[in-house]
1. What dipole magnitude, in Debye to the nearest 20, does the chain give about its Cα centre under +1 on Lys/Arg Cβ and -1 on Asp/Glu Cβ?
2. Rounded to the nearest 0.05, what FRET efficiency do residue 64 and residue 6 give with R0 = 25 Å and r taken as the Cβ-Cβ distance? Could you check?
3. Would you please put 75-84, 56-65, 89-98, 18-27 in order of how densely packed they are, using the mean number of other Cβ atoms within 10 angstrom per residue and starting with the highest?
4. At a threshold of 8 angstrom on Cα-Cα distance, excluding pairs fewer than six apart, so keeping six or more, what relative contact order does region 1-90 reach in percent?
5. Compute the helix-to-body angle for 38-58: its Cα long axis versus the longest principal axis of the chain, expressed 0 to 90° and rounded to tens.
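Bear in mind that the values in this text are calculations on the coordinates, not laboratory data. In this text, all values refer to a predicted model and were calculated from it rather than measured experimentally. Note that we place each Cβ from the backbone using ideal geometry, even for glycine, and neighbour counts take in every protein chain shown.
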Amino acid sequence: MTPAASAPARAWASLLGAGAAEVGFTYFLKLSEGFTQPGPTLAFVALGAVSFYLMTLAMRVIPLGTVYAVWTGIGAFGTALVGILAFGDPATPARIALIAAIVVAVAGLKAVSRE
């Protein structure tokens, strides 16, 4: 793979990492209990910085609107899943279907994107 050809792949990898870090920072935001717990608060800040940094790398190649939509989609899906698995949020059929719709929308944005 040539360096120019690998730029889109690196951008998408950065975007996926940014989304994963977003899920992490929301998890630690919950654990920070209103920023009263130092460890989770520091993890929240660190993962927030990582997420935004990786998002800026993705924006070098992928259009802003696509980056933001995919980043928020990954965050919404991942955070909803973490809420269900780690914090006992309800997992009703309607919520699961709507969370799945987010995954379809993010995959659709990837499919129609041209870098």
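1. 280 debye
2. 0.75
3. Details: 75-84: 18.2, 56-65: 16.0, 89-98: 11.0, 18-27: 21.7.
Descending packing order for the listed peptides: 18-27, 75-84, 56-65, 89-98.
4. Values: 95 pairs, mean separation 34.1, N = 90.
Computed value for region 1-90: 38 percent relative contact order.
5. Approximately 20 degrees, to the nearest 10.
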